[in-house]
Amino acid sequence: MAPSPGLVVHNGTLESPLSDFEAAVSGTSWAASLSDPLHGTTRPDGRFLLVRVSMRNITDHPVYPPAHLSLYAADGSEFAPEWDQTFGQTVLVGHGKVNDLRPGARTTVVLVYDLPEGVRPKAVAQLKLGAGV
């Protein structure tokens, strides 16, 4: 099976477009710091928002889960995920993978954003966040 024709390279990793997945935000949480075996403890400039995105490959070929999805705030500001923390937290999920997913396979990616105080998150890519985030 050939990989997705829409692959892009971000930070040295291959990623398929979000349209290759059935995707939904499955949870969010705030954190004052993050720790993982790869990067130790990291503190944000503002506060960390962790967004769990569940994905299922809906194509007939292997795909690579995207980990560079922008977060959009209610005021229209855009924030890129923190790559090292996103990678570390995704690995801690246990089912998270940064490699290819076969057709029908599922995974969860944890995207980590460093947001200034007062920012009201609205969506990650076109995936709406729940009320009260």
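Every number in this text was worked out from the coordinates using simple rules, so none of it is lab data. Because the structure is predicted, anything quoted here is derived from the model rather than measured. Note that we place each Cβ from the backbone using ideal geometry, even for glycine, and neighbour counts take in every protein chain shown.
Could you sort 113-122, 16-25, 60-69 so that the peptide with the highest average Cβ count within 10 Å comes first and the rest follow in order?
Listed from highest to lowest mean packing, they are 60-69, 16-25, 113-122.
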- request: Work through the residues other than Ser70 whose Cβ is under 15 Å from its Cβ and net out their charges, Lys, Arg +1 and Asp, Glu -1.
  value: -3
field: Charge sum, other residues only, whose C-beta stays under 12 Å from Asp84's C-beta, Lys/Arg counted +1 and Asp/Glu -1
entry: -3
